[in-house]
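First up is the structure itself, then whatever we jot down about it.
The values are calculated or read from the model by the stated rules, or taken from the named source; none is laboratory data. None of these values were measured; they are calculated from a predicted model. Note: ideal-geometry Cβ built from the backbone for every residue, glycine included; neighbour counts use all protein chains shown.
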Amino acid sequence: MTPKIFKLHLHKLQNCPFISTLRYYFGNRRSETLFNRFILSFTSLNSHLFQHNLVPDPSCDCGLTSETPEHYFLACPRYNQQRIKLIGHLSQIQDLVNLPFKQIRNCYNKLLTYIIDNPKTASPAAQHIQVYIEESKRFEVT
Ligand SMILES: [Zn+2]
């Protein structure tokens, strides 16, 4: 996918009322952008790139499995330190503790759905996820 096609894709999404109300104004612009790409399922993780025929293999560099968002956030051994910190922060957020699903560490999709559905009350969680993304350095351009 070229940058031009990507911009067209985003432009179409901006016309969608659901997406246009979904904005997070905290953190720096780069981490905010990366976070919103997760919401759009449009990151540069190998699983997403593979879906768009941009890489030949969806595998993670750790060699364990496909580099999906779930693997990136919940299982990849390359980010264990960042994950411990993230889970520690998320487990202190009262809104999340009171949710029907208590196993946040095993429910990436539910957590993300909660953040999307409750952008104001879930912003502390979104901030910690942005920190995770930033500190993992997975999306740094070398
Ligand atoms: Zn991995």
If you go through 40, 54, the only one that is more than 18 Å from residue 141 (Cβ to Cβ), more than 16 Å from the ligand (Cβ to nearest atom) and touching a residue at least 24 places away in the same chain (Cβ under 8 Å) is 40
If residue 58 satisfies every condition in (1) at pLDDT below 80; (2) in contact with a strand residue (DSSP E or B) (Cβ under 6 Å, 6 or more places away or on another chain) but one, which is the exception? (1)
Say we look at region 67-77 and pick out the residues that are farther than 13 Å from residue 139 by Cβ and within 9 Å of the ligand (Cβ to nearest atom); which of these is surrounded by the fewest Cβ atoms within 10 Å (Cβ to Cβ)? 77
State whether the residues of region 79-94 include one that is at pLDDT 95 or above, basic (Lys, Arg), surrounded by 15 or more Cβ atoms within 10 Å (Cβ to Cβ) and within 16 Å of the ligand (Cβ to nearest atom). no
Report, by residue number, each residue of region 44-97 that is within 17 Å of the chain's Cα centre (by Cα), among the aliphatic types (A, V, I, L, M) and farther than 20 Å from residue 131 by Cβ. 49
Given the conditions (1) within 16 Å of the ligand (Cβ to nearest atom); (2) of a type in the set (Asp, Glu); (3) part of a helix (DSSP H, G or I), which single one is not true for residue 32? (1)
Those residues of region 110-142 that are without any contact (Cβ under 8 Å) to a residue 24 or more places away in the chain, surrounded by 15 or more Cβ atoms within 10 Å (Cβ to Cβ) and among the hydroxyl-bearing types (Ser, Thr, Tyr) come to a total of 1
